[in-house]
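Scroll down for the structure; my scribbles are underneath it.
The values are calculated or read from the model by the stated rules, or taken from the named source; none is laboratory data. These figures come from a predicted structure and were not determined experimentally. Cβ atoms come from the backbone with ideal geometry, glycine included; neighbour counts cover every protein chain shown.
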Amino acid sequence: MPTPAEPSQPQPRPLSLATRVMLFVAAAVLLCAGLLATMLQNSIEAHFAEQDAGELQAVAHSVLHTLQDPALQPQQHHASLHQVLTGHHQTYYLVLDATEKPTLSADGADLTPLFRLTRPVSQITPADLISWDQGAHTYRGAILQGPRGLQIAVAMEMEFHLHYLHLLRWTLWLTIAAAVALILLAAWLGVRQGLLPLRQLSSDIRQISTEKLHLRLEPGQVPVELAELVQSFNQMIENLQQGFSRLSEFSADIAHELRTPLSNLITQTQVSLSKDRSLEEYRELLYSNLEEQERLAKMVSDMLWLAKTDHGLIKLQPEAVALEPLCRQLFEFFEFIADERNIRLQYQGPAVSLRADKVMLQRALSNLLSNAIRHADADSTVWIRVNTLAGHLEICIRNCGPVIAPEHLPRLFERFYRADPSRQRHSEGAGLGLAMVQSIVTLHGGEISAVSVPDAAQSPGHGNTDFILRWPLDKRPLNQLS
Amino acid sequence: MRLLIVEDEVKTGDYLKQGFTEAGFNPTLCRNGLDGHHLAMTEEFELIILDVMLPDVDGLRIVKALRQANRHTPVLLLSALDTVDDRVRGLELGADDYLVKPFAFNELLARARTLLRRGQLAPQADRLQAADLVLEISKHKASRGGKKLNLTPKEFALLELLLRREGEVLPRSLIASQVWDMNFDSDTNVIDVAVRRLRSKVDDDQALKLIHTVRGMGYKLEVPDADAS
């Protein structure tokens, strides 16, 4: 699998996914197992202490019983206790009388240090147990307060406990280490396995090329975690495909739009050159060619302009443009052609200004106004209405004329789109005017739409057509001028 | 009028030379930047037309060299590039105007004449006259053969422009820019309609027609020679 190109800035590459997962798993497993092991040890130790306390209590009571048994002579006490204690292995006792003199003790261990370490208690509980080292041995014991000032110290050797606990600790940590190793291995395998669908995805994605933009990834065939990624990816391809097909349609349109006038030029010139003609005829040919060539040049420069806006190569020089003076200036420009068909030009709206590139805005409004006048009925009014409503600034250009069918409305702003195909090659414009308007409005952060509704008061098929430019007020700071 | 044209594209260069010669100029054509640079620095011209993209020494460098040497010959740049930056750079370096290819020759001619006129600093005449057409600018009065013409302000401005540049062919884009301050190519036929209206007021019912359409190029105001027409 090829690695993606390293980013140019020396930013360290983030940790691999497997390493991240394994670090987390290892930390969690260690923490859990450590807690468990500690708990287990503590619990076993507590259990031993309880057992020992019970046993020592029993031994102390046996000693007390023996001492108080009227049937036994003091000489017999030792032998009798020896018998009693055979059941309790390695348990020792030492009895002090009221004057703290040892009266009786078991063989094998000297418990006198115990008297320095603890106080007598009436009942031996695990908390009373004291352990100490003596010679090579470790003992644990307590002192029971008997009647008549008797103190009975009892203790037992605890090597076998310690030995067991030592063994347990080793076993536990070894087990934990083995478990961690196993779990890490499993996690690593899991991550590898988990990333397999990504590899599959990546090889699927490599199938998609500009010729195969119709291919889509199947969100149902990837693990649920990747479904969203697949959907986003599909969305991206969808957008690309749309952009691509628009682009290729556009290229086809360009070819078509350029081919027609070019073939006119060529045919006309060839026909004219096919035999000798008068000077007047040659002049006529050159004029006709000139007109066609100028149209071509205009189309090329318009397309270039559009291509530049598409690529963000046009830099805006925004300033606060007062709308009313701008529109009045445009009205002055268009008054002659409006007058010809007795069309009135009217402005309505508050005195507001819009932050925009003045020449661009002028160009956009000029295209719309020229369109509106061209398609308006004679003796009607073309309006420019400016509104600020619901957080938006709206510039609405309205004419009364033939209604535009709803299916044409959304496509009006496409390049070379003509609602009326018979108007192909109309002397005015190449079908780029509205596309340019849209580019300008979009460049300024606004949007454009068109609405056309029949009006019963007008002749059939005629009504009001509005081109509406909208800017959100929060994005475009507006100054109320008066 | 001596004119220097620096243009490496063969066909463009030839047609520019022919066009300017026929328009009454005396153009020198230079096909590379090095010669252009040398000529611009050593000889006197009234106007220099420079292609920006030359293979050896580019046009911007020639402008820079000229201005650094304190030579103030007006310079008009021709370029296939059209971004605000290019334009601004060219003008900042000291060029006087900037025209983007493809351009119409009459547009270039009109701009060249504007640049040449700028140097003359002639006081703007208040009274303009062509044949029996008289314009009194400050009084805002126009008359033909002593008869007052009723003109709207824009018609008056249009007539003034045509009269001030009598005999020159004015392209539509120049008229739109000068009269209406519309500085972009508009698809409309506003200029044609406006000239038609003006003509109906100025030339209708007159034997001597003053406003002429130059097909494919624009309009001009001219008193026809007695022997022509």
Scanning segment B:190-218 for residues that are surrounded by 15 or more Cβ atoms within 10 Å (Cβ to Cβ), within 7 Å of chain A (Cβ to nearest Cβ) and either not in a helix (DSSP H, G or I) or not charged (D, E, K, R) (or both) gives B:Val190, B:Val193, B:Ala194, B:Gly216
Out of all the residues in segment A:321-338, which are within 13 Å of another protein chain (Cβ to nearest Cβ), farther than 17 Å from A:Gly401 by Cβ and out of contact with any Leu (no Cβ under 8 Å at 6 or more places or on another chain)?
A:Pro325, A:Arg328, A:Gln329, A:Glu332, A:Phe333, A:Phe336
Among (1) within 19 Å of the chain's Cα centre (by Cα); (2) assigned to a strand (DSSP E or B), B:Val134 falls short only on (1)
If B:Leu109 satisfies all but one of (1) touching a residue at least 60 places away in the same chain (Cβ under 8 Å); (2) within 14 Å of chain A (Cβ to nearest Cβ), what's the number of the condition it fails?
(2)
Being modelled with pLDDT of 85 or more and under 28 Å from A:Ser288 (Cβ atoms) is the requirement here; does A:Leu262 meet it?
yes
Among the residues that make up segment B:139-149, is at least one of them surrounded by 14 or more Cβ atoms within 10 Å (Cβ to Cβ), in contact with a Leu (Cβ under 9 Å, 6 or more places away or on another chain) and within 14 Å of chain A (Cβ to nearest Cβ)?
no
Scan A:Leu201, A:Leu195, A:Leu167, A:Leu185 and give me the residue that is hydrophobic (A, V, I, L, M, F, W, C), in a helix (DSSP H, G or I) and under 30 Å from A:Glu45 (Cα atoms).
A:Leu167
Scope segment A:271-312; condition assigned to a loop (DSSP other than H, G, I, E, B) and either in the same structural domain as A:Gly431 (by TED's automatic domain parsing) or within 22 Å of A:Thr442 (Cα to Cα) (or both); matching residues:
A:His311, A:Gly312
For segment B:159-198, which positions are of a type in the set (Lys, Arg) and out of contact with any Lys or Arg (no Cβ under 8 Å at 6 or more places or on another chain)?
B:Arg164, B:Arg172, B:Arg196, B:Arg197
Selection within segment A:390-402 - at pLDDT below 90 and in contact with a Pro (Cβ under 9 Å, 6 or more places away or on another chain)
A:Gly391, A:His392
Scan segment B:150-179 for residues that are within 12 Å of chain A (Cβ to nearest Cβ) and in contact with a Ser or Thr (Cβ under 9 Å, 6 or more places away or on another chain) and jot them down.
B:Arg172, B:Ser173, B:Ala176
B:Leu221: passes all of (1) more than 14 Å from chain A (Cβ to nearest Cβ); (2) out of contact with any Leu (no Cβ under 6 Å at 6 or more places or on another chain); (3) closer than 21 Å to B:Gly24 by Cα but (2)
So, first residue within 11 Å of chain B (Cβ to nearest Cβ) and over 11 Å from A:Ser439 (Cα atoms) in segment A:306-318, second residue part of a loop (DSSP other than H, G, I, E, B) and not aliphatic (A, V, I, L, M), Cβ within less than 7 Å, six or more apart or across chains; the pairs are A:Leu313/B:Thr83
Can you find even one residue in segment B:100-108 that is modelled with pLDDT of 85 or more, closer than 26 Å to B:Leu161 by Cβ, in a helix (DSSP H, G or I) and of a type in the set (Phe, Trp, Tyr)?
yes
Only residues that are in a helix (DSSP H, G or I) and charged (D, E, K, R): list them for segment B:2-33, please.
B:Lys11, B:Asp14, B:Lys17, B:Glu22
